[in-house]
Amino acid sequence: MEVRAVARHVRVSPRKARQVVDMIRGKDVNEALATLKYLPKRSTSHVEKLLRSAMANAQHNFDMDVDDLYVATTYVDQGVTWKRIRPRAQGRAARIRKRTSHITIILDEKEG
């Protein structure tokens, strides 16, 4: 049985979040938490919080043992993009795109 946790509209670009998420895919949850603790990326805090949420979902909703879980699937989809304007020279304006992400983590139990 797999357990899912989703964080929507996270204020980090999908490309930067994918760099972090790709490093924990397939790892044991404790190893994934240790990896996230020492990664020097801004999105690690969002991913770590989501991973802990998925672990809590597994433990409280499905009575799974946390030590038997691993990160089965992780992916990051692009969320809405906030559009802002930045003043430029000679009365012009430049568009600023503030990107958001939808981060999904799916945990599963190890076989045997």
State the extension gain, in nm to one decimal, for the chain segment bounded by T73 and K41, taking 0.36 nm per residue of separation less the distance between their alpha-carbons.
-> 9.5 nm
Computed helical MRE - 222 nm, the chain, DSSP H runs ≥ 4 contributing -39500 (n - 2.57), nearest 500 = -11000 deg cm²/dmol
Listed residues V21, A32, I96: farthest to the positive end of the dipole of the chain (Cβ charges) = I96
Quick calc, R97 & R25: beta-carbon distance into FRET formula, R0 30 Å, rounding 0.05, result 0.65
Calculated over region 2-109: convex hull of Cα atoms, volume per residue (Å³) | 88 Å³
Calculated FRET efficiency, R84 and D63, Cβ-Cβ r, R0 41 Å, to nearest 0.05?
-> 0.35
What size of dipole, in debye to the nearest 20, comes out for the chain about its Cα centre when the only charges are +1 on Lys and Arg C-beta atoms and -1 on Asp and Glu C-beta atoms?
-> 1920 debye
Lys/Arg +1, Asp/Glu -1 at C-beta; the chain dipole; positive extreme among A58, I85, T44 = I85
Burial order of peptide ranges 55-67, 80-92 (average beta-carbon count within 10 Å, highest first) = 55-67, 80-92
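Where a number appears in this text, it was derived from the coordinates with a stated rule and is not lab data. The structure displayed is predicted, hence computed values, not measured ones. Don't worry about glycine lacking a Cβ; one is built from the backbone with ideal geometry, like all the others, and counts go over all protein chains shown.
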